[in-house]
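Below you'll find the structure, written out as structure tokens, and then a few comments.
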Amino acid sequence: LTRHIIKPTENDSKDAQRQEKSIKQFQKHEERKKFHKMTSQTQNYRIKLICSQHGTELFEILVVEGEIQLALEKLSEWACPRPVEKSLLTLSAEAYVQPEPLGVVLIIGAWNYPWAVTLLPLVGAIAAGNAAVIKPSEVSCGSASVMEKFLPQYLDPDLYPVVTGGVSETQELLKLRFDHIFYTGSTAVGRLVMEAAARHLTPVTLELGGKSPCYIDRKCDLSVACRRITWGKFVNCGQTCIAPDYILCEPSIQSQVVDEVIKCIKEFYTDEPRTCEDYGRIVNQQHYRRIMALMEGSAVAYGGDADQSSCYIGPTVLKDVTAESKVMKEEIFGPVLPIITVSGLDQAIQFVNEREKPLVVYVFSNCKKVIRRVQDETSSGALLANDCLVHFTIPALPFGGVGHSGMGCYRGRHTFDCLSHLRSCLIKPLSMEAVNNMRYPPHTANKLSW
Ligand code: NAD
């Protein structure tokens, strides 16, 4: 592992010099141009890199390409000095914020959407002039091995090494000193990452999970709302960090919601999702067992069928779920949609606020006041009204959690800023010394009255 790490230690000054040189070189215009060429090459080879699944192309590769394109277009704007307002005493000076690279970033990826969660931070890390150690998830072993094989062909392997492996390899990496750790994964492991980072005072970005609630207002077009919710929930078999975890609605519309969701499940995945090409599988046996156990004790309104040998769990809707049921105790991260009835908006807001802050709060309503109340009276990484997941497609919107759903944010310029040090610079002339007299002792009455 140490062979891969570029970050210098105190007793490794040669490495330190080499790293400093590499990073400085990288900042130069020629190096930036080289980076542009490399990333366009990567784009050309994307067809060879990706698996044939439509979902990977749509939800990951296109997003990563968009991010690369954005960085190429905006890099000079992001990287240039940002002038700030000056005070009376510094009128003749130059005052600006100059983003500078942090050094070496450790990127630890999760297994769901492995390309997006690993390469999106990498694009920002490179754009900001950093070196990066890339640690894809061992669970999505196929994409991890493709990254291990192909990334070194298009990026300098000394600056961007890929380290594959599981828990023990990640733990070894976490013993080392980095300048930033960008972690995507579960809240439990996020805690361990933050503990390890604290030993070196390394800043972290934690992109975590949680239970994102989805409130459906009685006064909304239920068929459109349920169509969007069904898509957001069951895409990638529910293994999406920002999937609506559960529905909150009034009892009077519950059966209509169930019917509409079932209608959409059938439309999207046929009556036999098991044989439908657009319907996925649970990533492994461990997660299969975990999700199946979560359903225990809840009333199945639709689905519930499963096959352990192929890690198949059919799209499932649970109704009349209570806050105490197993399925409400942890992030579901699977194709199970519980419905909890509440007396109205007040109780829905209270329900959300009694729990950890989620990655997203979803609200479906025709009424602006309802949306506004949910926005004002809850807190979450993001708020999305009348759709699911699509806020992720706007790189100008910072993506991230708050509280137990995460720390820090990224996408586009936000990744650039997150992985840069925003250095305050004040460049003064040596002239106009008289202006400074007042601050130098002795502080005589004469000077103070001036
Ligand atoms: P995970 O925490 O199990 O694994 C993530 C990474 O951490 C992997 O690279 C793994 O090797 C490493 N890891 C696992 N256990 C470790 C340990 N004990 N010590 C050190 N490293 C360890 O998460 P996962 O199962 O891959 O991903 C699912 C979770 O990630 C869900 O909670 C989901 O909501 C969340 N997620 C969040 C986002 C986001 O952008 N906020 C995106 C995708 C997934």
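We did not get these values from a lab; they are worked out from the coordinates using the rules stated. For clarity, every value in this text was computed on a predicted model and none was experimentally measured. Quick reminder, even Gly has a Cβ in these numbers, built from the backbone with ideal geometry, and neighbours come from all protein chains shown.
Taking the Cα centre of region 352-450 as reference, the dipole from Cβ charges on Lys and Arg (+1) and Asp and Glu (-1) amounts to some 260 debye. Region 224-287 and region 58-95 have their alpha-carbon centroids 39 Å apart. Compared with the dominant principal axis of the Cα atoms in the chain, helix 285-294 is inclined by about 60°. Stokes-Einstein diffusion for region 316-449 at 10 °C, viscosity 1.306 mPa s, with a Kirkwood radius from C-alpha pairs, works out to 81 µm²/s.
Taking the chain as the reference, fit the longest principal axis to its C-alpha atoms, fit the long axis of helix 368-377 to the helix C-alpha atoms, and give the angle between the two in degrees, 0 to 90, nearest 10. It works out to around 60 degrees. Rounded to two decimals, the Cα radius of gyration of the chain over 2.2 N^0.38 Å is 1.13. With 30 Å as the limit, the listed pairs K266/K329; K86/K357; K149/K266; K211/K368; K74/K175 have K86/K357; K149/K266; K74/K175 beyond it between alpha carbons. Across all directions, the average flat footprint of the convex hull enclosing the Cα atoms of region 46-204 is 11.6 nm².
Cβ-to-Cβ counts within 10 Å put V163, V97, V374, V224 in ascending order as V224, V97, V163, V374, the fewest first. Exposure proxy for D179, D221: other Cβ atoms within 10 Å of each Cβ, ordered fewest to most, give D221, D179.
Put a plus charge on the Cβ of each Lys and Arg, a minus charge on the Cβ of each Asp and Glu, and nothing anywhere else: the dipole of region 48-165 about its Cα centre is then about 100 debye. Helix-only arithmetic for the chain: the sum of -39500 (n - 2.57) across DSSP H runs with n ≥ 4, divided by the residue total, places the mean residue ellipticity at 222 nm at -12000 deg cm²/dmol. By other beta-carbon atoms within 10 Å, ranking T393, T275 with the fewest at the front produces T275, T393. About its Cα centre, the dipole of region 104-175 is roughly 120 debye, where the only charges are +1 on Lys and Arg Cβ and -1 on Asp and Glu Cβ.
Using the average count of surrounding beta-carbon atoms within 10 Å as a protection proxy, the listed peptides 225-234, 309-318 rank, highest first, as 225-234, 309-318. What angle, in degrees between 0 and 90 and rounded to the nearest 10, separates the Cα long axis of helix 141-154 from the longest principal axis of the Cα atoms of the chain? Here the helix axis deviates by roughly 30 degrees. Placing unit charges on each Cβ (+1 for Lys and Arg, -1 for Asp and Glu) gives the chain a dipole about its Cα centre, and among T270, Y288, M194 the Cα reaching farthest toward its positive end belongs to M194. When you count the other C-beta atoms within 10 angstrom of each residue and take the mean per peptide, 267-274, 378-385 line up highest first as 378-385, 267-274.
Sort 102-113, 326-337 by the packing proxy (mean of other Cβ within 10 Å over each peptide's residues), most packed first.
102-113, 326-337
Projecting the Cα atoms of S223, S449, L155 onto the charge dipole of the chain, computed from C-beta unit charges around the Cα centre, puts S449 farthest toward the positive end. Restricting to the chain, compute how many DSSP beta bridges are antiparallel as a %, nearest 5. Here the antiparallel bridges make up roughly 35 percent for the chain.
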